[in-house]
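We did not get these values from a lab; they are worked out from the coordinates using the rules stated. No experiment lies behind these values; they were computed from the predicted model shown. Virtual Cβ from ideal backbone geometry, glycine too; neighbours counted across all protein chains shown.
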Amino acid sequence: MGLVKLKGKVWKVGDDVDTDLIIAARYLNRSEGDFLAAHCLEVLLPNLTAKVQPGDILVAGKNFGCGSSREHAPVAIKYAGFSCLIAESYARIFYRNAINIGLPVIVAPEAARVIKEGALLEVDPGTGIIQDLTNRRTYQGEAFPAFMVEILSAGGAIPYVREKVKHDV
């Protein structure tokens, strides 16, 4: 099973966006996706959930998701409507937490630096190819290893393991 191509409008944030900026600590007493989405990036992108369309794409600079290892951060982003993230680099734990909940996070330094807010992108998370349909440019991000494609295709680590157990029993 492969990953489908994703298409959406770009929302852009800068370098060193930590997990507290993604979802503030005062909201961590709840874990419902819709609740977290309502507060996603609220300092950097006020009223985001009223503006983002399902499938939109978040583009960031260096070290996205640094800070504490809260799983709430990628959940908030996914439930806010973003289909994937593109960044120059990610904090390791954020990267794995995102994969584990089925949110593609693509490392593409050139694309992250050059792509403008509001551009329309088509992203193939399976190959890492990013097409800027607004400016007619193509970028190559890092492709996922086969095991990560399987996890993402299943919708995250828990659905992946459930499927594996069901077939192996």
Exercise for the section: Specify which of the listed residues (ALA60, ALA143, ALA112, ALA98) is without any contact (Cβ under 8 Å) to a residue 40 or more places away in the chain and either basic (Lys, Arg) or out of contact with any helix residue (DSSP H, G or I) (no Cβ under 6 Å at 6 or more places or on another chain) (or both). Expected result: ALA143
Completion exercise
Exception for ARG113 within (1) within 17 Å of the chain's Cα centre (by Cα); (2) buried (at least 18 other Cβ atoms within 10 Å of the Cβ); (3) more than 16 Å from CYS84 (Cα to Cα) falls at (2)
Completion exercise
Of the residues in the stretch 90-126, those that are touching a Phe, Trp or Tyr at 6+ places or on another chain (Cβ under 9 Å), part of a loop (DSSP other than H, G, I, E, B) and not charged (D, E, K, R) come to ALA91, GLY102, LEU103, PRO104, ALA108, ILE115, GLY118, PRO125, GLY126
Handout entry: So ILE129, is it within 17 Å of the chain's Cα centre (by Cα), among the aliphatic types (A, V, I, L, M) and surrounded by fewer than 19 Cβ atoms within 10 Å (Cβ to Cβ)
Key = yes
Problem - Considering residues of the stretch 76-89 that are assigned to a loop (DSSP other than H, G, I, E, B) and at negative phi only, the residue surrounded by the most Cβ atoms within 10 Å (Cβ to Cβ) - result: PHE82
Practice task
Only residues that are over 14 Å from VAL17 (Cα atoms) and crowded, with 16+ Cβ neighbours inside 10 Å: list them for the stretch 36-75, please.
Solution key: LEU36, ALA37, ALA38, HIS39, LEU48, THR49, VAL52, ASP56, ILE57, GLU71, HIS72, VAL75
